1. Only one residue in Arg192, Arg205 is of a type in the set (Lys, Arg) and open to solvent by less than 50 Å² (accessible area, probe 1.4 Å). Which one?
2. When you look at Ala169, is it within 21 Å of the chain's Cα centre (by Cα), modelled with pLDDT of 55 or more and open to solvent by 50 Å² or more (accessible area, probe 1.4 Å), yes or no?
3. Search segment 332-369 for residues being among the polar types (S, T, N, Q) and surrounded by 15 or more Cβ atoms within 10 Å (Cβ to Cβ), and hand back the single one that is farthest from Ser285 (Cα to Cα).
4. Restricting attention to segment 268-307, which residues are touching a His at 6+ places or on another chain (Cβ under 9 Å), among the aromatic types (Phe, Trp, Tyr) and not in a loop (DSSP other than H, G, I, E, B)?
5. Out of (1) buried (at least 17 other Cβ atoms within 10 Å of the Cβ); (2) modelled with pLDDT under 90; (3) within 22 Å of Leu197 (Cβ to Cβ), what's the single condition that is false for His61?
6. Please pick out the residue among Ser325, Ser285, Ser345 that is under 29 Å from Phe87 (Cβ atoms) and not basic (Lys, Arg).
7. Restricting attention to segment 135-166, and to residues there that are under 19 Å from the mean Cα position of the chain (by Cα) and in a loop (DSSP other than H, G, I, E, B), which single residue is modelled with the lowest pLDDT?
Amino acid sequence: MRRPVLDRRPFVIGISLCLLLFLVLCLLSRNAARYAVAAITPVFAFFAFLYLKKMPFSSVHRRAVLFVTLLVAVLYTALCLLSGLHFGFFLADVAFSFRSLLSYILPITITVISIEITRCAFLGQKGFFARSVAYVIGTLSEVLLVTSFSAVTNFYHFMDLMGATLLPALAAQPLYQYTGKHYGVWPAISFRLVTSLAPFLIPIRSGMPDSLSSFVSILLPPALLFLLRLLYGKTVKTTEKRRAGKWLYAMVVSALIFVTSFMMLISNEFRFGLLIIATDSMTGSINKGDAVIFEEYTGQFVDEQDVIVFYHNDRVTVHRIVDISRVNGRNRYFTQGDANDYLDSGYTTDADIIGVVKGKIPYFGYPTLWLRGLFN
């Protein structure tokens, strides 16, 4: 009897991609590695999709799994941002611009989509080798989106690489392997893009310590995997009413978490608060419809050019300090809107200051202004 011919294509594609990603990790700088991976992975995704046999995916629960995965990614991103109410808010390390679009957002998007297409192609093959290749290329790509070995100059940098990048990447792979095998590419793509691109799209970030952020990012994927297995791991017959009730419960809980956090933010229950800008007096730096995040004023040092939130003529105002004088041991702050040609009347004292502006969220307040205009 004639033996079946062994298909060598998975071995060639898989080993070649793993070696190339490892070489990029070792030899190139962080920025060069990001571009190189974005150039390499689409080529291998094309060959994997073209030459490897396809795997039929179960249509049961595919949309539900995608929705849950996307919802968890968005909630995780929102809660990480809201942790700034405790740890403080800072401007994003990389501001959104055309340059950041080309340098970060586009390469990350191309890499994530290409890697997940390649992963699903390998998961469609039989054997331990194919699953291992999918795991390795997923881990290497996730590390390369953040750093490379060229950034490691001492033992402490190596430990940072292990704890902040490699361990979260390893912890996330079982989730991507599971969703890729059973539900296709989109759950993993949506989860990875939301969590990876958020720092480049949101103009502010939380001051959460890196150690805590890494710990949370290690725990989240296994927790989501457990949730998906619990909800959809076994196909059981359920009535439409029971299924609708489950989704309604999830939506209500998610909405309550978001609304509660948002209401506590705008009611200034924390050290930080949020205020919607309703006038054009600061146009250029803070525009009408933007939301500013401010730190509560408790006597901390403020200086000229700081933007403050204060009471002026019984109204809450957001203007810049342009001059400070000290009379009889008390500070007098003279303020002006960036778009105004004149100083605000009178002066402001420490007792009038509500907070110091730390950042802004562009356009976030437009729905509030629209509703206010509707009812006025």
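1. Residue meeting the stated conditions: Arg192.
2. It is false that Ala169 is within 21 Å of the chain's Cα centre (by Cα), modelled with pLDDT of 55 or more and open to solvent by 50 Å² or more (accessible area, probe 1.4 Å).
3. Among residues in segment 332-369 that are among the polar types (S, T, N, Q) and surrounded by 15 or more Cβ atoms within 10 Å (Cβ to Cβ), the one farthest from Ser285 (Cα to Cα) is Thr348.
4. Within segment 268-307, Phe272 is the sole residue that qualifies.
5. Of the numbered conditions (1) buried (at least 17 other Cβ atoms within 10 Å of the Cβ); (2) modelled with pLDDT under 90; (3) within 22 Å of Leu197 (Cβ to Cβ), the odd one out for His61 is (3).
6. Working: Ser325 fails: under 29 Å from Phe87 (Cβ atoms); Ser345 fails: under 29 Å from Phe87 (Cβ atoms).
Exactly one of Ser325, Ser285, Ser345 is under 29 Å from Phe87 (Cβ atoms) and not basic (Lys, Arg), namely Ser285.
7. Per the stated criteria, the residue is Thr147.
Residue-wise test of (1) under 30 Å from Phe294 (Cβ atoms); (2) in a helix (DSSP H, G or I).
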{"position": "Tyr176", "(1), (2)": "no, yes"}
{"position": "Lys181", "(1), (2)": "no, yes"}
{"position": "Ser190", "(1), (2)": "no, yes"}
{"position": "Phe200", "(1), (2)": "yes, yes"}
{"position": "Arg205", "(1), (2)": "yes, no"}
{"position": "Val216", "(1), (2)": "yes, yes"}
{"position": "Pro222", "(1), (2)": "no, yes"}
{"position": "Leu228", "(1), (2)": "no, yes"}
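The values are calculated or read from the model by the stated rules, or taken from the named source; none is laboratory data. None of these values were measured; they are calculated from a predicted model. Glycine also receives a Cβ, built like all others from the backbone with ideal geometry; neighbour counts cover every protein chain displayed. Quick note on the areas: whole protein, heavy atoms, side chains included, nothing else; ligands and nucleic acids left out. Shrake-Rupley method; radii C 1.70, N 1.55, O 1.52, S 1.80 Å.
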